[in-house]
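**Student:** Below is one structure. I have some questions about it.
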Amino acid sequence: MLLEHLQFEVEGNVGVITLDRPEAANAQSQKVLMELDQAWNAADENREVKVIVLRSNGKHFSAGHDMSGSGGSTLNREIPLPDALYDWETRGYLHYAKAWREVPKPSIAAVQGKCIAAGLMLCWPCDLIVAADNAEFSDPVVYMGICGVEYHAHTWEFGARKAKELLFTGASITAKEAEQIGMVNKVVPLDELMPATMELAERIAKQDSFALRMAKQAVNRTLDIQGFKAAIDSCFDIHHFGHTRASVVTGGTPSLAGLASMKDRGKG
């Protein structure tokens, strides 16, 4: 498995996926997402791996989608732009996040620095989140005229009122605040992030693999019965209504329509 922007290693019974694009604050291009999916699949298929850890090299966990235009999405120009964007984001964004959530093995995200917008789509599908004390989480894309990132788990992760506050204002939430509301499992000093994450992963890996799978499935199914999957799909459609409106209003590419506005507000 040849990976340009990632590393995948197996340490004992722990598969470690490392996003390695620090020069771009680990922003996610099409190639990065494809490689992430390959690494998730490799960890799932490796019989030695009982727990998966997702981490990033560099100062920040992920700055979200790569908005530079290099290595971006490949849209089908033979169909109307809103149609092409909907098809691409279904396959290239939403599908990946949903698939990683469904990997039967327990997964842990180790988060440091900024985790912005689509960065949430990397850590939220994981079962557990360990955060460094300098971690901050935000989704300021209302500035772009849309309701939130494609995998709209905000209400489930933040709670309804906190989700509205963070979306309405574009503000960030600290690691400690995220722990207090239950989005983050544990906050540790930055230099202890990986030791603490690996200690937790190794502790979990001592359990029976099938029992871990059933425990994960039981919790995920409970969330789905409460409406998680239906809400994710419904909010994705609302997200794309925002894209379409932005395209009509600005006459530009929907996914870039509000980028200048975000930068003007110091969010880019």
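The values are calculated or read from the model by the stated rules, or taken from the named source; none is laboratory data. From a predicted model like this one, the values you see are computed outputs, not experimental measurements. Methodologically, a virtual Cβ is constructed for each residue, glycine included, from the backbone with ideal geometry; neighbour enumeration extends over all protein chains shown. Side chains are part of the model used for accessible areas, which takes the heavy atoms of the whole protein and leaves out ligands, DNA and RNA. Shrake-Rupley method; radii C 1.70, N 1.55, O 1.52, S 1.80 Å.
**Student:** Helix hunt in the chain: which complete DSSP H runs extend at least 27 Å axially by C-alpha with mean Kyte-Doolittle at least -1.0?
**Tutor:** Span-like helices in the chain: 228-250.
**Student:** Further question on the same structure: At 1.4 Å probe size, with the rest of the protein present, what percent of the exposed accessible area of region 126-198 is carbon and sulfur atoms?
**Tutor:** 53 percent
**Student:** Between Met34 and Asp233, with labels modelled 7 Å along Cα→Cβ, what's the label distance in nm to one decimal, could you check?
**Tutor:** Going from the Met34 label point to the Asp233 one covers 2.8 nm.
**Student:** Now a separate question. Compute the distance in nm between two label points, each set 7 Å from the Cα along the Cα-to-Cβ direction, one at Thr222 and one at Asp87.
**Tutor:** The modelled label-to-label distance comes out at 4.1 nm.
**Student:** For region 89-217, I need the span (max minus min coordinate) of the C-alpha atoms along each principal axis, in Å, sorted largest to smallest.
**Tutor:** Rounded to whole Å, the extents work out to 46, 34, 23 Å.
**Student:** While we're looking at this one, here's another question. Calculate the translational D of the chain in whole µm² s⁻¹ from Stokes-Einstein, where the hydrodynamic radius comes from the Kirkwood formula applied to all Cα pairs, the temperature is 20 °C and the viscosity 1.002 mPa s. Don't jump to the answer; show the numbers that get you there.
**Tutor:** Details: Rh = 18.8 Å.
After rounding, the answer is 114 µm²/s.
**Student:** While we're here: Quick one: accessible area per residue over the chain, 1.4 Å probe, rounded to a whole number of Å²?
**Tutor:** Working: 12770 Å² over 268 residues.
For the chain, the per-residue accessible area is 48 Å².
**Student:** How much length would be gained if the chain were fully extended between Glu23 and Arg47, taking 0.36 nm per residue of separation minus their Cα-Cα distance, in nm to one decimal? Don't skip to the answer; put the middle values down first.
**Tutor:** On the way: separation 24, 0.36 × 24 = 8.64 nm, distance 3.34 nm.
Separation in residues times 0.36 nm, less the Cα-Cα distance, equals 5.3 nm.
**Student:** When the helix-only estimate is applied to the chain (DSSP H runs of n ≥ 4, each -39,500 (n - 2.57), divided by the residue count), what is the mean residue ellipticity at 222 nm, nearest 500 deg cm²/dmol?
**Tutor:** On the way: 11 runs with 117 residues, N = 268.
For the chain, the value works out to -13000 deg cm²/dmol.
**Student:** Under the rule a/c < 1.5 gives rounded, and otherwise a/b versus b/c splits prolate from oblate, where does region 144-231 land using the Cα gyration tensor?
**Tutor:** Values: a/c = 2.78, a/b = 1.30, b/c = 2.14.
In terms of gyration-tensor shape, oblate.
**Student:** Oh, and also: Return the subset of Lys31/Lys98; Lys59/Lys229; Lys50/Lys229 for which the Cα-Cα distance in this structure is over 22 Å, preserving the input order. Write out the running numbers ahead of the final one.
**Tutor:** Numbers: Lys31/Lys98 18 Å; Lys59/Lys229 32 Å; Lys50/Lys229 25 Å.
The answer is Lys59/Lys229; Lys50/Lys229.
**Student:** Still on this structure, please answer the following. Cα centroid distance between region 1-75 and region 168-238, in Å?
**Tutor:** Region 1-75 and region 168-238 have Cα centres spaced 18 Å from each other.
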